[in-house]
């Protein structure tokens, strides 16, 4: 059997830390114990510590007091650090460069360029402590599928990815990326679907070509020249057929929805997540509270950063103004959902702003009134449940994949500590060590 290139490397060279020193995977050394002064397990239980997390291969096998670590087990001592589960972001766009707006990407770049940038962005995201992401669709179709596969095969470092492949949009709607002359075409981009039958076909095509879930754009968008963000761009029937068809494949639908009517149509259809949810009204909030299958995933920081830094990010003035107008709805909706006790998923829209800044969303959520522990649970075990991956990620409990991060301070006292993740492990492999 011919080995793949990365299989020819010594296990000690599989991962290199920030200092340049080689780091060995836990699986190459038998049982490993990661010891820290504090552990937040992601379930919402009180912080414990000091403690040691035992790892065998890529899985967590136990949590013990430091004095109970079995003799002969190699110990990674993180000193006074706080250890947490790897963070999860349900709304990213890893493919492509933040230096090119998505409305220019199709006529100024190539899919290869987008994928190479995706590899860079994946590594930055992983090193920032986000060991799992849901990627909400690239401008160049299926470059996220290629990126996911490359990460899974060990070709490039990055988080675990669940990918949309090619989002589904109505002509002239939020996801209509053909923002150029009618005389110009990019034939490879076939994400537009109008009518029930076309939406059904688009869902099938996405799964055929490797998507894990479907992203449908139920309303207009803030960063788009198309229909206004408050307007419902897909009919109730078109949204419903996307959910119906995805269910046949055992998959789910994420709905981009800003406006109140599009949000409610998405909830009625049974989507897994309502992303953004900016203009959700009291009826929509009540529907979510009564639902056992649909979750609200706001993206708050992106609105703040677009208004503040949109010009330097190359975002057109009209779209910056849209974001300014939408801000009054976005934060108020989040506060109402918080006060109502609604479980709130964690997403960022990273890709509109620089990758690696994902944890600034946590800071803003806490500033808006969310308790730090609730914010941490949202970005760990709750997000894992929303993904359907709560059997493998999102908490530090026996049986879970050994995806963990560490910060120097106490994120319950200062949530901005999570903007400064210093140590990252994915699947028992240390991928960043700037702590010890």
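If residue 292 meets every condition in (1) closer than 21 Å to residue 218 by Cβ; (2) in a loop (DSSP other than H, G, I, E, B); (3) over 17 Å from the mean Cα position of the chain (by Cα); (4) modelled with pLDDT of 95 or more apart from one, which number is that one?
(4)
Any idea how many residues of the range 25-46 are crowded, with 18+ Cβ neighbours inside 10 Å and modelled with pLDDT under 95?
3
From the list 330, 360, which one is surrounded by 14 or more Cβ atoms within 10 Å (Cβ to Cβ) and closer than 23 Å to residue 138 by Cβ?
The conditions single out 360.
Any idea which residue in the range 398-422 is farthest from residue 371 (Cα to Cα), counting only those that are part of a helix (DSSP H, G or I) and in contact (Cβ under 8 Å) with a residue 60 or more places away in the chain?
Out of the qualifying residues, it is 419.
May I ask you to say which residue of 118, 112, 129 is over 24 Å from residue 306 (Cβ atoms) and at pLDDT 90 or above?
None of the others qualify; the one that does is 112.
Any idea which residue in the range 376-390 is surrounded by the most Cβ atoms within 10 Å (Cβ to Cβ), counting only those that are closer than 18 Å to residue 252 by Cα and out of contact with any helix residue (DSSP H, G or I) (no Cβ under 7 Å at 6 or more places or on another chain)?
The residue in question is 383.
I'm told residue 360 meets every condition in (1) over 20 Å from residue 43 (Cβ atoms); (2) touching a strand residue (DSSP E or B) at 6+ places or on another chain (Cβ under 6 Å) except one. Can you identify the failing condition by its number?
(2)
Scan (1) in a loop (DSSP other than H, G, I, E, B); (2) over 15 Å from residue 139 (Cα atoms); (3) under 21 Å from the mean Cα position of the chain (by Cα) for the single condition residue 223 breaks and write down its number.
Just one mismatch for residue 223, condition (2).
The values are calculated or read from the model by the stated rules, or taken from the named source; none is laboratory data. Note that this is a predicted model, so its numbers are computed, not measured. Cβ atoms come from the backbone with ideal geometry, glycine included; neighbour counts cover every protein chain shown.
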